[in-house]
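Here's the structure, in C-alpha cells; my notes come after.
The values are calculated or read from the model by the stated rules, or taken from the named source; none is laboratory data. Every value quoted in this text rests on a predicted model; they were computed, and no experiment measured them. With ideal geometry, Cβ positions are generated from the backbone for all residues, glycine too; neighbour counts draw on all protein chains shown. We work out accessible area using only protein heavy atoms, side chains counted, and drop any ligands, DNA or RNA first. Shrake-Rupley method; radii C 1.70, N 1.55, O 1.52, S 1.80 Å.
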Amino acid sequence: MSGLILCFGGVSIGVREWFVVYYFDYNATTPVAPEVFDAMVPYLRDRWGNPSSMYAFGHALKGVIESARESVAALIQADAGEVVFTSCGTESSNTALCCGLNAHPERRHLIMSGVEHSANLKTGAYLESLGFRVSYLPVQPDGLIELDQLEATIMTDTAMVSLMWANNETGVVFPIVEIGALCRERGVLFHTDAVQAAGKIPIDVRTASVDYLSLSGHKIYAPKGVGVLFVRDKAPYQSLILGGGQEKGRRAGTQNVASIVAMGEAARLAARNLDAEINRLRILRDRLEGGLLKLPFVCRNGDADARLPNTTNLGFSGIESEALLLLLEKEGVCASSGSACSTGLLEPSHVLTAMGVPRSLAMGSVRFSLGRMSTDAEVDHLVSVVPRLAERLRGVSPKMWF
Ligand SMILES: *Cc1c(COP(=O)(O)O)cnc(C)c1O
C-alpha cells in the first residue's frame, strides 16, 4: 500500500496510503492550515536561534514572538502584554486554576461545572486532595447552567469560578458575559476554558470581564503542543513552570518559536475568516442534522441555539456508539463519542450524564464536529451511510436497549 494518496474528504493531503477520510472530529483536533505550516517552517529550518540570546540571530526572534502575541491578542480583544504562550490548553487551565487559588490564601473555595474538560476537572480533584473545596455546578437537560445557582454557590471564601466558554462534546455555549459580570460584581476571579470557542464564535475578554482564558493551538489549525493563557493585566499570577525568565517570568522554558509563530498565524486566519466560517459551518451542520434527525430513533443532545455552529451531538437510541463508530470508520468516517474507557469498562460521557441523558442513550451518542475543510459532499456521504449502519446495529441490539 505505498505510493498511494491520503485523502481528506476527497482532497489529497499527502502521499502515503490510499485512505479516504471524511473527517467529522475537528473538536478533537484540526489539521495544520497550509498558511500556518508555511509560516512556521523558517523557524524550524533556518531561524533556530534562542530568543533569549544576546546576539541578533537569537534576539531577533523576540520580535517574531511579539508579533504572534499581537495576533493572538487581536483574536480575543486583549492587549498583547496579557498573552502568555504555554505548551497546551491543559497547561493554560492548570496554571489559571492555581493562580486563582494562590491569589488569596484565605479563600479556599473553587467553582466549576460538572461538564468541564478533564484539564479542569482533574485539576479540581487534585486541589480537593490538597484541602480546597470545589463546587461542581449542575447543568440543565439542555447543557446550560442556571445563573441563580451560580450566584448562590459563590461564598465569602470563593477564590475563583472556572466555566468553559463552549463545551467540546455538545458545543453548548455558556452565557459568559453574564457569568463574567457576576464574578466581577462578587469580587471573584473568573477563568474560562475557551479552547473550543476560539475561531468558532467571537471572543471578547473585555465585555466578558474575563480574568484568565485558555486557548489551544491544535483546535484552531496550529500544531499540537502550543497553547495560550490570557491573563488580565494586574490579575494575580503565579507561574506553574519554574525556571528561566521567559514570557516576562510568567512561563519558564525556552519558547517554542515555530509553534508560537504558528499560533499567531492561526489566530490571524481565524479572526479573518470568522464571520464567513460561522455562517458556512452552521448551514453545513444544519444540513447534517436535517439528514440524521429525520431518523425516528435519533435525537440531539444539548441546546439548539446556545451552541457552536460546527458541533452536533446526536443520540442513537438502541445503539452503542462505539459499534456505530467502528462501522463508520469502515466507510472512512472519523467521529467520536464522549465515552471514556476507565478500568477497562466503557463509561458514558460525563457531559451527557451531567445533563441527565439516560445512560443507554448516552452510550449511544456520537459527536460530529465540522471545520475548515468540511464540505457538502462530506456531509452528504455521512448522511447517506449512517441510516443503513444504524438500522443494522439496531437489528442486532440486545432487547435491553429498548
Ligand atoms: C482540547 C481541549 C482542551 C485541551 O487542550 P490541549 O491543548 O489538548 O491540552 C481543553 N479544553 C477543551 C474544552 C478542549 O476541547
From phi via Karplus (6.51, -1.76, 1.60), per-residue ³J(HN,Hα) for region 292-300 in Hz, x at Gly/Pro: 9, 6, 5, 5, x, 9, 10, 9, 9
Sequence-distant residues sharing a close amide H with Phe190 (under 5 Å, placed H): Val161, Asp211, Tyr212
Farthest toward positive dipole pole in region 143-286 [+1 Lys/Arg, -1 Asp/Glu at C-beta], among Gly199, Ala267, Leu150: Ala267
Per-residue HN-Hα couplings for region 37-43 [Karplus 6.51, -1.76, 1.60; θ = phi - 60°; Hz; x = Gly/Pro]: 4, 4, 5, 8, 3, x, 7
Potential lengthening between Trp48 and His104 on full extension [0.36 nm per residue; Cα-Cα distance subtracted]: 16.1 nm
Cut-off 14 Å between beta-carbons: net charge of the residues surrounding Ser67, Lys and Arg +1, Asp and Glu -1: +1
Residue pairs, from the table Lys224/Lys330; Lys224/Lys294; Lys200/Lys294; Lys62/Lys234; Lys122/Lys330; Lys122/Lys224, whose Cα atoms sit over 28 Å apart: Lys224/Lys294; Lys122/Lys330
Share antiparallel - DSSP beta bridges, region 34-269, percent rounded to 5: 40 percent
Placed amide H near Ser336: partners under 5 Å, 5+ positions off or other chain: Arg367
The chain - percent relative contact order, Cα under 8 Å, separation 6 or more: 21 percent
Per-pair calculated FRET efficiency, R0 = 35 Å: Asn273 and Ala181 via Cβ, rounded to 0.05: 0.75
Leu137 long-range amide H proximity, modeled H, under 5 Å: Met112, Ser113, Gly114
Accessible surface of region 268-312, 1.4 Å probe, proportion on carbon and sulfur as whole %: 51 percent
Solvent-accessible area per residue for region 70-185 (1.4 angstrom probe, square angstrom): 36 Å²
Carbon/sulfur fraction of accessible area - region 328-381, other protein chains in place, 1.4 Å, %: 58 percent
Residue (of Phe190, Ser239, Gly180) at the positive-pole extreme of region 101-244, dipole from beta-carbon charges: Ser239
222 nm mean residue ellipticity, helices alone, for the chain (DSSP H n ≥ 4; -39,500 (n - 2.57); rounded to 500): -12000 deg cm²/dmol
Contour minus Cα-Cα distance for Leu130 and Thr207 (0.36 nm per residue): 24.3 nm
The chain - share of DSSP beta bridges that are antiparallel (%, nearest 5): 55 percent
Where the Cα pairs of the chain fall when distances are cut into 20 Å bins, in %: 27, 55, 18, 0
In order through region 58-63: 3J(HN,Hα) via Karplus (6.51 cos²θ - 1.76 cosθ + 1.60), integer Hz, x for Gly, Pro: x, 4, 4, 6, 4, x
Within the chain: Cβ-based charge dipole about Cα centre, in debye rounded to nearest 20 (Lys, Arg +1; Asp, Glu -1): 480 debye
Accessible area (Å², 1.4 Å probe, nearest 10) - Phe37: 120 Å²
